[in-house]
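Below is one structure; the comments refer to it alone.
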Amino acid sequence: MKYFPDSALVQLEFDKVQALLKEHCKTELGKQMADDLRLHTHIDYVRTALQQAHEYKQLTLLQEHFPNDYVLNLKNELRMLGIQGAVLSGEQIMLLRKLAESMHSIVRFFDHDRRVQYAGLFSVITHTHYEKKITALIDEVLDENGDVRDNATPELAKIRMSLFRKRNELRRAFDRVLSKLSKLGYLADTEEAFLNGRRVVAVYAENKRMVKGIQHGESDTRRTTFIEPEETIELNNDVMSLEREESKEVYKILRTLTAALSQHAQLLNNYHEILGLYDFIRAKAKLALDMDGNYPMLSPHAQLHLVEAYHPLLLLYNRRNQKPTIPVNLTLDKDNHILVISGPNAGGKTVTMKTVGLIQLMLQAGLLVPVHPSSQLGIFRQLMIHIGDTQSLEFELSTYSSHLRNMKYFMENANGKTLFFIDELGSGSDPNLGGAFAEVIMEEMAKKHAFGIVTTHYLNLKVMANKVKGIINGAMGFDEENLLPMYKLIVGKPGSSYTFSIAQRIGLHPALISRAKNLVDEGHFQLDKLLNKAEQDLQKIEAKEKELQKLLKENEKLKREYEILSDKERKTQQFTTLKLQNKIKEEELQYLKDMERKMKQIVIEWKRTDDKQKVLKQAEALLFRKKEKQINERFEKKVQEKFLEVVGGDLKLGDQVKIKSNGQVGKLMEIRDKRGIVKLGNIPMNVPMADLVLVKERPKEAKETAK
């Protein structure tokens, strides 16, 4: 992506985003990639980079472990593999083994499902493979600590066995010397010591001539002398000779192993680059989590459709200071591709412009951006920016001359794939003359079909915006009552500068304000006043709309609560009915069990007794429920004694009614169509209205007559 001027990325603070990204990188290669971050114009590259960062972000949110834990900066080790005759230490070779193991873990991570789910991350390793010979070569020679194994070669095994025996022999001889000198009281320290790789004893200085051997040094106080005893000199020489032989053999083995690993140097370099790339992708995901970055929809055409877009650095700053950040919502397409933003100073015009610019740079660098995922952004081939005072000492240009020089470059080089930003177009010159040039510049950029945002206070630019095809107005909201900027972009209308309102609110003398108004062209003043009023009216409408939306939400909430309560009541009634039905079924089941038990008893009696007639009577009484019939008759009689049927009486809620089918009496609680709910004690019962008859309690004397 081309950009103008050279300081464009710094002006849009892209370097600060790079610095934040670099902080998240762990490897030197990842940090280098952050420093070398480029702006790409190929949509396929941008899409892949965004997808990879998005997938790693999803892995992090799902707390799914991706196996790139090791921070391996092996640039020097890999370079040495390419040098003939170079020798890597055991520790360095173990780092290469860790590199191969990391690659193995990543390859195993991508099973069949993950290759589909995380296709972007998997694409990083599609052109390489894991070579198990690398770890096999290393494990054959080195142990888990990076030391050469005893059996690496027969020569080394032989040397180490001799060294083991000679050291044991030296230790026994030395122990004998220590014991003898200790008894004589010559030792300053009973522990053995080493000087220049030789085993020595610490002897009091006054006794040093009493011990035969070689003096290797003295303590700082000169009270102790370190002597190699005569009895161990030859053994020390043998041990040192064997140690030199061991070092030579180990060096020879490591040189052979380094040469064998150099055959896989290209593959190991690929592993190193892949781990660095995964570290870089992880850093992009971490940065996205910090600034609420998302993967927007990409378009091959030049366009901007931003939904809830935030300036990433401002968002982080406000979050640290617990302040809210106002998002930007705007759309630039082929029909409306230039936005003119007006409004008061310090109202957020420049921040809005920088928000759009920085988000576009981040997107084309492959970084997730702080916008709603429904946002749609295109790819631009060049970016032009003119923000702030660009006075040039080198070319001895004034502010306005520098401004015009930049505008000349804009008009000569802009096209349909250009995104430009101009802050305070036309400023630095006579308002009338500068405004005229500004109109010409705007018309020319519109003819070139370039996309861009322009901020201005010029009234003529506000007027021309909606007249020239492709140019639209926008304004930054301002709370006139409290003299506070709202930092909210309103697209479709120009904004007032609130010059006289601000002067009046800060307490400037009315006479001075009046004199200033008289000096302003009446039409100009009336138009600014009209813009002022229109903006305030729009704010009131928006406030009422918010209030209406709030009431609608509350109404919807009440409706849902009512539906929940209604559903809860219906379920309660269903539960009560089912409970009653289950109780009846339980009673029937119990009756059948009793019947079965009694019938079995009758069969036993039939077999056991000679009085068959008696058994038949028992069976008859059981089968025809004579006893139950008698009980029901007694219950019916009690009801008749207590209650009197009312012939032709209309049933209403609260009446006492009798159920004809079972003779029970209860209170009518509810009528639903042709059925009624009768409360029998504490249990409601659903009964057809045709099965109900109105009853009333008999008088006391009538009860006696009935008896």
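The values are calculated or read from the model by the stated rules, or taken from the named source; none is laboratory data. Small disclaimer: the values here were computed from a predicted structure and weren't measured. Note that we place each Cβ from the backbone using ideal geometry, even for glycine, and neighbour counts take in every protein chain shown. Heavy atoms of the whole protein, side chains included, go into the accessibility calculation; ligands, DNA and RNA do not. Shrake-Rupley method; radii C 1.70, N 1.55, O 1.52, S 1.80 Å.
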Open item on the list: Just to be sure before I move on: is SER102 out of contact with any Lys or Arg (no Cβ under 6 Å at 6 or more places or on another chain), farther than 28 Å from ARG149 by Cβ, open to solvent by less than 50 Å² (accessible area, probe 1.4 Å) and part of a helix (DSSP H, G or I) in the structure I sent?
Closed with: no
TODO: Being closer than 30 Å to PRO300 by Cα and either hydrophobic (A, V, I, L, M, F, W, C) or open to solvent by less than 60 Å² (accessible area, probe 1.4 Å) (or both) narrows it down to one of TYR118, TYR130, so name that one.
DONE: TYR118
- [ ] Could you tell me whether LEU287 is of a type outside the set (Ser, Thr, Tyr), touching a strand residue (DSSP E or B) at 6+ places or on another chain (Cβ under 6 Å) and surrounded by 21 or more Cβ atoms within 10 Å (Cβ to Cβ)?
- [x] no
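Please find, among ALA436, ALA450, ALA465, ALA446, the residue that is over 13 Å from MET384 (Cβ atoms), hydrophobic (A, V, I, L, M, F, W, C) and modelled with pLDDT of 90 or more.
Going through ALA436, ALA450, ALA465, ALA446 in turn, just one is over 13 Å from MET384 (Cβ atoms), hydrophobic (A, V, I, L, M, F, W, C) and modelled with pLDDT of 90 or more: ALA446.
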Task: Any hit, the stretch 261-270, residues being outside any helix (DSSP H, G or I) and within 53 Å of the chain's Cα centre (by Cα) - done: yes
Open item on the list: For the stretch 9-27, give me the residue count where each residue is touching a helix residue (DSSP H, G or I) at 6+ places or on another chain (Cβ under 7 Å) and not in a loop (DSSP other than H, G, I, E, B).
Closed with: 10
Open item on the list: If a residue must be in a helix (DSSP H, G or I) and under 23 Å from GLY366 (Cα atoms), how many such residues does the stretch 43-99 contain?
Closed with: 19
- [ ] Output the number of residues of the stretch 180-194 satisfying the condition of being assigned to a helix (DSSP H, G or I) and either aliphatic (A, V, I, L, M) or surrounded by 12 or more Cβ atoms within 10 Å (Cβ to Cβ) (or both).
- [x] 4
Open item on the list: Can you find a residue that is open to solvent by 40 Å² or more (accessible area, probe 1.4 Å) and at pLDDT below 70 anywhere in the stretch 666-687?
Closed with: no
- [ ] Just give me the residues in the stretch 250-261 being closer than 30 Å to LEU29 by Cβ and surrounded by 18 or more Cβ atoms within 10 Å (Cβ to Cβ), in sequence order.
- [x] LEU254, LEU257, THR258, LEU261
- [ ] Would you be able to tell me the number of residues in the stretch 221-249 that are buried (at least 19 other Cβ atoms within 10 Å of the Cβ), part of a helix (DSSP H, G or I) and touching a strand residue (DSSP E or B) at 6+ places or on another chain (Cβ under 7 Å)?
- [x] 2
